[in-house]
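Asker: Have a look at the structure that comes next, please.
The values are calculated or read from the model by the stated rules, or taken from the named source; none is laboratory data. What you see is a predicted model, and the numbers here were worked out from it, not measured in a lab. Quick reminder, even Gly has a Cβ in these numbers, built from the backbone with ideal geometry, and neighbours come from all protein chains shown.
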Amino acid sequence: MKDFSYLKRSVYSGLTFFMTVLILSIGYATIGNTWISPSTLEVGTGSGLTANTWNSLLSNFNNLDSRLLNFSFSGGNIGIGNTNPSAKLSVTGDIIGNAQVFKAYMSTNFSKAANWEKLPFDTIAYNALQGIFDTTNNRFTASRAGYYQISMAWYSATSATGTPRYGFSVLKNGIGVQISGGTYTSGDTPFAPCISIVYLNGTTDYIELYMFSAITSVLTGGDSEYGMHWYMNYLGN
């Protein structure tokens, strides 16, 4: 004859199973669109659990279970769309996310004096980064901490003979972190690009772009292939 403790364990096991099914079924609302609304599964006091309600709960549970078949777990790794993940997160298929990019340019030609000078970028082509571009002070201040890739594309309508030099510099908080340069050519000069990766703290760090020229030159404005462009994209934290 089974004692009372056995009966209690049986009741508790049944309740645990039922509540697990119920919670998973309701929780599925966050990841699927074929679940059955809990409002349609309500039963009155003392009316008991109907077959339709129970079957609906099981249907939700089975639907959730089929979704989880897309995931795999192995050695601390998680796979999506594959059964043998080789990294902490291994995804087979396309990943769609929000672009984290920025582009600004100078709206008009800029007469560059023969010295170091901040470049007056004053027009935003697009800004999908978490940050603010100040068109008055020509600087970008990030509002999200992490690493940013910064690149510049330049063009000058100035031609020169000999070896007059030019250079570009990325400044973080007024201090140079990257410089590139070259010499003007006898025809129009497409400048060498300057590319840098910089960590920004997401609160006070800002970026500015400077240029040096050994001669007075004219930098091409406008958002065309010959324009002066400033690009940034967020790499991660």
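Asker: Specify the residue that is nearest to the chain's Cα centre (by Cα); the eligible residues are those in region 148-164 that are farther than 20 Å from G227 by Cβ and surrounded by 13 or more Cβ atoms within 10 Å (Cβ to Cβ).
Answerer: Of all residues in region 148-164, those farther than 20 Å from G227 by Cβ come to 148, 160-164.
From the residues that got through so far, the ones that are surrounded by 13 or more Cβ atoms within 10 Å (Cβ to Cβ) too are 148, 160, 164.
On the way: Y148: 11, A160: 42, P164: 41 Å.
The residue in question is Y148.
Asker: Any residue in region 176-187 that is assigned to a loop (DSSP other than H, G, I, E, B) sitting within a Cβ distance under 7 Å of a residue that is of a type in the set (F, W, Y) and at pLDDT 80 or above? List the pairs, counting only those 6 or more apart or interchain.
Answerer: Y184/Y166
Asker: Turning to a different aspect of this structure: Across region 209-220, which residue is modelled with the highest pLDDT among those that are surrounded by fewer than 20 Cβ atoms within 10 Å (Cβ to Cβ) and out of contact with any Pro (no Cβ under 9 Å at 6 or more places or on another chain)?
Answerer: Just the residues of region 209-220 that are surrounded by fewer than 20 Cβ atoms within 10 Å (Cβ to Cβ), to begin with: 210, 212, 214-216, 218.
Still in the list and also out of contact with any Pro (no Cβ under 9 Å at 6 or more places or on another chain): 210, 212, 216, 218.
Numbers: Y210: 93, F212: 88, T216: 85, V218: 83.
By that ranking, first place goes to Y210.
Asker: Identify, please: which residue in region 109-143 is outside any strand (DSSP E or B) and farther than 20 Å from F168 by Cβ and is, among those, farthest from the chain's Cα centre (by Cα)? Give the steps one after another, and end with the answer.
Answerer: Step one: list which residues in region 109-143 are outside any strand (DSSP E or B), which gives 109, 113-115, 119-122, 128-130, 135-138, 143.
In the following step, the residues that additionally are farther than 20 Å from F168 by Cβ were identified as 128-130, 136, 143.
Details: A128: 9, L129: 8, Q130: 9, T136: 27, S143: 13 Å.
Among residues in region 109-143 that are outside any strand (DSSP E or B) and farther than 20 Å from F168 by Cβ, the one farthest from the chain's Cα centre (by Cα) is T136.
Asker: V91 passes all but one of (1) within 30 Å of G167 (Cβ to Cβ); (2) surrounded by 13 or more Cβ atoms within 10 Å (Cβ to Cβ); which number fails?
Answerer: (1)
Asker: Within region 72-94, which residues are part of a loop (DSSP other than H, G, I, E, B) and either within 25 Å of the chain's Cα centre (by Cα) or in contact (Cβ under 8 Å) with a residue 12 or more places away in the chain (or both)? Break it down into steps so the answer makes sense when it comes.
Answerer: Step one: of region 72-94, the residues part of a loop (DSSP other than H, G, I, E, B) are 75-76, 81-88, 92-94.
Listed by number, the residues that qualify are G76, G81, N82, N84, P85, S86, A87, K88, T92, G93, D94.
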